[in-house]
Amino acid sequence: MPGVSGGANGEGCFLCTLQQSVAFGVRTLGFSLSSSPIMTGMETITPTREHDAPVTSQPVAPRKPSVIVPIREIGPRYREQIARHLLSLDKRDRYLRFGYPASDEQIHHYVDGIDFERDRVLGIFDRELELVAMAHLAHPASKSAEELAEFGVSVLPRARQRGYGTRLFERAAIHAVNAGIKTLYIHALSENIAMLRIARSAGAVLERNGSESEARLMLPEASFRSRVDELLGNQIGRADWLLKANASMTRELLTTMQEVHASMQDMREGAQSNRYESGCS
């Protein structure tokens, strides 16, 4: 899974084993996480047998296994990374994300104002632990609108075309369902085609008002399945983070050892050179 869980071979193998365990657990519970458009933060494909395929004169192409995207809930200690992520967006991306060309000062003000106790912030990290995609599910401060939450998302250019925006939306929807939210709300510029496509694919009702659009997705009641979905998603996100953190520490340790080895080699060569010069004289 390039750019998401890449790294040492041990890291990839461990994550594959974890994904297989999740798929096994889901089949044991008797449901599939991918059957509902808003309950697919982690998709699994149940293996098909030959007799399950429809009768046809053409060979049936095998299904491609779906990829699990580790998503981590992030808290106040990630404010600096969130700010760095948003500040790296260019003017066009800032315009689409916030609805206006946000300045650096406005972005810092936005990040400082995130209420992590009330809201949820979700992130996708690369193998260097850089935040490449994030979503903010903002719960209204007013109790009169407490059954509504607003969704916003941003993805760095180098991490696009991988479906991260959709996965973050699905994961945010699962949390919203479990939190008792009835409506997921998106306010976006009408030219933000990618965001509106995500909302439309999930079944949201779109309303366009000139240069701006609103999308509202009515959410179902929380269930055992939705709570298991979120629990498994959280566990995979934590495991992925730990794997990447350990891999990063290992790389740093190896780099340090190589530098020490090179320094010692230089010192030995220098000492040998000095002895040779002394002998010649």
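Readers should treat all values here as calculations from the given coordinates under stated rules, not as data from a laboratory. Fair warning: this is a prediction, and the values are worked out from it, not measured in the lab. Don't worry about glycine lacking a Cβ; one is built from the backbone with ideal geometry, like all the others, and counts go over all protein chains shown.
Numbers at a glance
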item: Dipole magnitude of the stretch 127-236 about its Cα centre (Cβ charges: Lys, Arg +1; Asp, Glu -1), debye to nearest 20; result: 360 debye
item: Packing-based exposure ordering (other Cβ within 10 Å, fewest first) of Phe169, Phe116, Phe224, Phe151; result: Phe224, Phe116, Phe151, Phe169
item: Residues in the stretch 210-228 that a label on Ser190 would reach, taking backbone N under 14 Å of a point 7 Å out along Cα→Cβ; result: 210-215
item: Segments 131-139, 232-240, 88-96 sorted - mean Cβ within 10 Å per residue, highest first; result: 131-139, 232-240, 88-96
item: Ranked Leu189, Leu168, Leu196, Leu87, criterion: other C-beta atoms within 10 Å, fewest first; result: Leu87, Leu189, Leu196, Leu168
item: Relative packing of peptides 176-184, 101-109 - highest average C-beta neighbours within 10 Å first; result: 176-184, 101-109
item: Summed side-chain charge close to Phe125 - residues other than Phe125 whose Cβ falls under 9 Å, Lys, Arg +1, Asp, Glu -1; result: -1
item: Inter-probe distance in nm under a simple model that places probes 7 Å from Cα toward Cβ, at Thr256 and Tyr100; result: 4.7 nm
item: Environment charge of His175, counting only residues whose C-beta is closer than 11 Å and scoring Lys/Arg +1, Asp/Glu -1; result: -2
